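Worksheet: the structure to be examined is printed underneath.
The values are calculated or read from the model by the stated rules, or taken from the named source; none is laboratory data. All values derive from a computational prediction rather than experimental measurement. When we count neighbours, we look across all protein chains shown, and the Cβ atoms used for this are built from the backbone with ideal geometry, even at glycine. Areas reflect the complete protein model, heavy atoms only, side chains present, ligands, DNA and RNA absent. Shrake-Rupley method; radii C 1.70, N 1.55, O 1.52, S 1.80 Å.
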Amino acid sequence: MRRVERSLLFCILAAVCLLLSGCTGAGKKEEGSTEQAPQEQAGLVIGFSQLGSESAWRLGNTASMERAAKEHGISLVVDNGMQKQENQIAAIRSFIAYRVDVIVFAPIVEDGWTNVLQEAKDAGIPVIMMDRVINIKDSDLYTAYIGPDHYLEGVKAAKYLQKKAEELMADGREKIRIAELSGTEGSSPMISRYQGFHDLIDRDDRFEVLETVSGDFLRSKGRECMQNLLKKYPDQIDVLYSHNDAMTLGAIEVMEENGIRPGEDIVIISVDGEQAAIDLLKEGRINCVVECSPMLGDAVMDLAERIVSGKDYSRVSHPDEVCFTEYDDLSGLEPRGY
Ligand code: GYE
């Protein structure tokens, strides 16, 4: 992009940022400075449609993108979709209109992206899917995916539980009863964390899933769902499998208000690995935390640079992730950063 065009692009994108809800931009507030429009830089321009700010995971992910963009000399224009697909589609359309070099988006749900991705393809703008995947017939409509393997996260949760079951069954009980708090309906982590877990648990007759309810990845809804579950299944829940830490934290509050000891009376399995969940794991109030890393910024910027400069790149890549359990020594674990 020529310099004059780039200056113009930044003026326009700054204006668009003000119009689009919750836009943070690369000119993130820093100590001692006032809120600014995106800074002009010589490198690439990336339009990033973030899906929202529903959890510490999400905030960590946005921060990771902003930090990495700065380090790579990339101008990042961030739009916060505020949990609405239509906002994300509008943001992507504005990135196409202003001809950014690359579009990155974290799709809130799997379906409904075909038209806007076709528009990006027609405009010749590469699109990187980050964090979540989509369900689309023509996979050529996006350039690459970078993010966790959510199916594997569900499998890891189930494997931990199968190990824990040996201990739980020792008291002669017939079944281990599970309540499941799932994430946003129609989102890929919700679908795959459910599937990975159920593919192992449903064919193991030691277990019975009492109910799966959606807490939308929100702490407040995690609270609400747990209140309802405890009313509906008093003294019956042996295990809580929660698709993210935010909902887990809400559910734990409710258990404790009701005199239930999380981690002992109810086995708790959570996904993400926020510092708050790791702290509870160390205290014995959570039993297992499946890691899902939001620190994707550096890898996304590398990928964008490779795509634009015509270098080889992996079409699908996953970060290395682990599973923290009550059986591990976590004393040397570094601060999580989210
Ligand atoms: O687990 C949750 C967030 O898409 C993997 O979204 C992400 C999920 C994450 O709100 O905390």
When the Cα centres of the stretch 210-278 and the stretch 319-338 are compared, how far apart do they sit, in Å?
21 Å
With respect to the cross-link table entries Lys156/Lys221; Lys175/Lys231; Lys159/Lys282; Lys84/Lys121; Lys221/Lys282; Lys137/Lys221, which display a Cα-Cα separation exceeding 27 Å?
Lys137/Lys221
Which three extents, in angstrom, do the Cα atoms of the stretch 135-232 have along their principal axes, listed largest first?
54, 28, 19
Heavy-atom accessible area with a 1.4 angstrom probe orders Glu180, Glu321, Glu334, most exposed first, as Glu334, Glu321, Glu180
Ranked by accessible surface with a 1.4 Å probe, highest first, in what order do Asp329, Asp101, Asp265, Asp111 come?
Asp329, Asp111, Asp265, Asp101
Of the candidates Arg58, Arg193, Arg206, which one comes out as most mobile in a Gaussian network treatment of the chain with C-alpha springs shorter than 10 Å?
Arg206
Would you please state the base-10 log of I(q)/I(0) at q = 0.19, 0.21 1/Å for the stretch 150-292, with intensities from the Debye formula using one equal scatterer on every alpha carbon?
-1.09, -1.38
Spin-label point model (7 Å from Cα, Cβ direction): what's the Asp205 to Lys282 distance in nm?
4.3 nm
Accessible area per residue, 1.4 Å probe, Å², for the stretch 111-201: what's the number?
40 Å²
What is the magnitude of the charge dipole of the stretch 150-292 about its Cα centre, with +1 placed on the Cβ of each Lys and Arg, -1 on the Cβ of each Asp and Glu, and no other charges, expressed in debye to the nearest 20?
100 debye
If R0 is 35 Å, what FRET efficiency do you get for Tyr327 and Arg67 from their C-beta distance, rounded to 0.05?
0.55
When only C-alpha pairs under 8 Å and at least 6 residues apart count, what is the relative contact order of the chain, in percent?
16 percent
Which of the listed residues, Ser309, Ser331, Leu280, is farthest toward the dipole's positive end in the stretch 266-338, when Lys, Arg count +1 and Asp, Glu count -1 at the beta-carbon?
Ser309
Under a plain spin-label model, where a point goes 7 Å from the Cα along Cα-to-Cβ, how far apart in nm are Glu166 and Lys311?
4.6 nm
For the chain, I need the span (max minus min coordinate) of the C-alpha atoms along each principal axis, in Å, sorted largest to smallest.
75, 48, 35
As a test of reading the structure, rank Met247, Met82, Met190 by solvent-accessible area (1.4 Å probe, protein chains only), most first.
Met82, Met190, Met247
Between Asn228 and Asn135, what length comes free when the chain is fully extended (0.36 nm per residue of separation minus the Cα-Cα distance, one decimal in nm)?
30.3 nm
Got a number for the accessible area of Arg67? Probe 1.4 Å, square angstrom, nearest 10.
120 Å²
Trypsin sites (Lys or Arg not before Pro) in the stretch 272-338 lying in a DSSP loop, each with at most 15 other Cβ atoms within 10 Å of its Cβ, come to Lys311, Arg315
Each label point is 7 Å from the Cα along the Cα-to-Cβ direction; what then is the distance between the points at Ala97 and Gln118, in nm?
2.0 nm
Which value, in Å² rounded to 10, gives the accessible area of Lys221 with a 1.4 Å probe and all protein chains present?
70 Å²
List the extent of the Cα atoms of the stretch 266-338 along each of their three principal axes, largest first, rounded to whole Å.
51, 20, 17
Separation of the stretch 96-164 and the stretch 167-189 by C-alpha centroid, Å?
27 Å
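Taking only DSSP H segments of four or more residues, each worth -39500 (n - 2.57), what value at 222 nm results for the chain once the sum is divided by all its residues, to the nearest 500 deg cm²/dmol?
Numbers: 10 runs with 137 residues, N = 338.
Computed ellipticity for the chain at 222 nm equals -13000 deg cm²/dmol.
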Using a 1.4 angstrom probe and counting only protein chains, how large is the accessible area of Ile278 in Å², to 10?
0 Å²
